[in-house]
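First the structure, in the form of structure tokens, and then the observations on it.
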Amino acid sequence: MNINATLISQMISFAVFVWFCMKFVWPPLIAAIEARQKSIADGLADAARASKDLDLAQAKAKDHLRDARKQSAELLEQANRRRSQIIEEAQGEARIERDKILAQGQAELEAAINRAREELRGQVAVLALAGAEQILQRSVDAKAHADILDKLASKL
Amino acid sequence: MAAAGEELTSVGYIRHHLTNLQVCAGESGLHTHCEGAGFWTFNIDTMFWSALLGIVFISLFRMVAVKATTGVPGRLQCFVEMLVEFVAKTVNNTFHARSRLIAPLALTIFVWVFLMNLMDLVPVDLIPYAATLVGLEYQKIVPTTDLNTTFGLSIGVFLLIIFYSIKVKGFTGFIKELTLHPFHSKNPFLQAILIPFNLILESVTLLAKPISLSMRLFGSMYAGELIFILIAVMYSTNLVIGGLGGVLQLGWAIFHILVITLQAFIFMMLTIVYMSMASQDH
């Protein structure tokens, strides 16, 4: 239990171990630890950034969605407007067409009436002439009395 | 076991366990006490076990350091890094100057002292008995129960304290620190009177550091070892006391796990504190 030369040997081995530890053990270990700490910190920062990006993307997506919805509503409205417009146009055209057809019909009808009237008038004149002939028991010179007949026919 | 030709008694048994295996200057062969050699005696067992444990520490940590990956570490690397980080954190919390030496120094002290203390938990007769079989009669396997080891460590720390004091404050600064504190006066004459008192006080403070450092560790480990030996003596009486001894040994060993860790930590912590004090300029 006495102090003896072992003391010197113990001091030397202590110094050697400390030197070795300082030279070959501590630096690589602490470097590895620090590198890992850095990579973990980077990973965490990346994760935070990614989550922020995700939030941004989600907000953007929501915006897009809202825009799209608005756009679609607009389109729908436009289409509705267009539809009613087309319907209106068609109705107008149809009305014009109908009027045209009606007018044409009317004209034809009037023409037919006129024709029939002319015919009738002619026939009436003939009939009247025939009647008058019968009454007069003689032939009336149609040519001589043409003016009278025409006057009559125009009165009909 | 007692030495050859010696009767097996409790006293002999205890003394046997507290005796180092020595080589002495001027004498050949292995001895247990060197009459004429004086200082030039070497405790072979202390040197062997401390060197072995130091090499275990250094090679284990070196192996991990070489294979250290910055990716996902293995279990051994995790364990080693845990120790390194623990020491690094302790150093960073206490020691504020920059130094490449202090952290490895603290790690070496912590792990080496812990391993040397750990030998205390090896059953007291196991290795001495094995040593007897190969012809070595004495074997004291706990290096920290040898004052030479604890003083070797603390004197190493003491030299570093002085080295750092002079490095940081300069030689005159170191001398000033020893002579102008704690009593200081503006009056030169009064100051001259105060210098011897300061010198005595500061020298005691300075010298108390290595002495307390080594005596604390030595005392704790020596007492622990002695109690293990006393418990071991109980086995040689009778069955009842032997059984009680078994229970006591288990309890003491479990308690000692705390003691050896704590002693290693205290040694490391105080080293850091002393180095920190040495590196601080007032």
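Residues of the stretch B:126-138 being open to solvent by 50 Å² or more (accessible area, probe 1.4 Å) and either in a loop (DSSP other than H, G, I, E, B) or within 16 Å of B:Leu160 (Cβ to Cβ) (or both), which ones?
Those that are open to solvent by 50 Å² or more (accessible area, probe 1.4 Å) and either in a loop (DSSP other than H, G, I, E, B) or within 16 Å of B:Leu160 (Cβ to Cβ) (or both): B:Val134, B:Gly135, B:Leu136, B:Glu137.
One line per residue, one yes/no per condition, for (1) modelled with pLDDT under 90; (2) more than 8 Å from chain A (Cβ to nearest Cβ); (3) farther than 30 Å from B:Lys167 by Cα:
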site: B:Ser28; (1), (2), (3): yes, yes, yes
site: B:Ser50; (1), (2), (3): no, no, yes
site: B:Met63; (1), (2), (3): no, yes, yes
site: B:Pro128; (1), (2), (3): yes, yes, yes
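Tell me yes or no: at least one residue of the stretch B:102-125 is at the interface with another protein chain (Cβ under 7 Å from one of its Cβ atoms) and open to solvent by 60 Å² or more (accessible area, probe 1.4 Å).
no
Just the residues that are farther than 30 Å from B:Phe255 by Cβ and more than 28 Å from the chain's Cα centre (by Cα), please, taken from the stretch B:189-243. Let's see the steps before the verdict.
As a first pass, look at the stretch B:189-243 and keep what is farther than 30 Å from B:Phe255 by Cβ: B:189-207.
Matches in the stretch B:189-243: B:Phe189, B:Leu190, B:Gln191, B:Ala192, B:Ile193, B:Leu194, B:Ile195, B:Pro196, B:Phe197, B:Asn198, B:Leu199.
Give the residue, chosen from B:Ile211, B:Ile155, that is within 28 Å of B:Ser59 (Cβ to Cβ) and within 14 Å of another protein chain (Cβ to nearest Cβ).
The conditions single out B:Ile155.
Collect the residues in the stretch A:106-139 that are of a type in the set (Gly, Ala, Ser) and either surrounded by 13 or more Cβ atoms within 10 Å (Cβ to Cβ) or outside any loop (DSSP other than H, G, I, E, B) (or both), keeping them in residue-number order. Step through it out loud before you land on a result.
Applying the first criterion (of a type in the set (Gly, Ala, Ser)) to the stretch A:106-139 yields A:107, A:111-112, A:116, A:122, A:125, A:128, A:130-132, A:139.
A:Ala107, A:Ala111, A:Ala112, A:Ala116, A:Gly122, A:Ala125, A:Ala128, A:Ala130, A:Gly131, A:Ala132 - these are the residues of the stretch A:106-139 that are of a type in the set (Gly, Ala, Ser) and either surrounded by 13 or more Cβ atoms within 10 Å (Cβ to Cβ) or outside any loop (DSSP other than H, G, I, E, B) (or both).
Here is a list: B:Thr145, B:Thr172, B:Thr237, B:Thr205. Which entry is of a type in the set (Ser, Thr, Tyr) and open to solvent by less than 30 Å² (accessible area, probe 1.4 Å)?
Unique residue meeting the criteria: B:Thr145.
Scan the stretch A:9-29 for residues that are at the interface with another protein chain (Cβ under 7 Å from one of its Cβ atoms) and either touching a Pro at 6+ places or on another chain (Cβ under 9 Å) or over 18 Å from B:Ile44 (Cα atoms) (or both) and jot them down.
Hits for the stretch A:9-29 are A:Gln10, A:Ala15, A:Phe17, A:Val18, A:Phe20, A:Cys21, A:Met22, A:Phe24, A:Val25, A:Trp26, A:Pro28, A:Leu29.
Give the residues of the stretch B:74-106 that are in a helix (DSSP H, G or I) and touching a residue at least 40 places away in the same chain (Cβ under 8 Å), sorted by residue number.
Within the stretch B:74-106, B:Val87, B:Thr90, B:Val91, B:Thr94, B:Ile102, B:Leu105, B:Ala106 qualify.
The values are calculated or read from the model by the stated rules, or taken from the named source; none is laboratory data. In this text the structure is predicted, and so the values were computed from the model without any measurement. Because the Cβ atoms are built from the backbone with ideal geometry, glycine has one as well, and the counts that use them run over all protein chains shown. Surface accessibility is based on the protein's heavy atoms, side chains included, excluding ligands, DNA and RNA. Shrake-Rupley method; radii C 1.70, N 1.55, O 1.52, S 1.80 Å.
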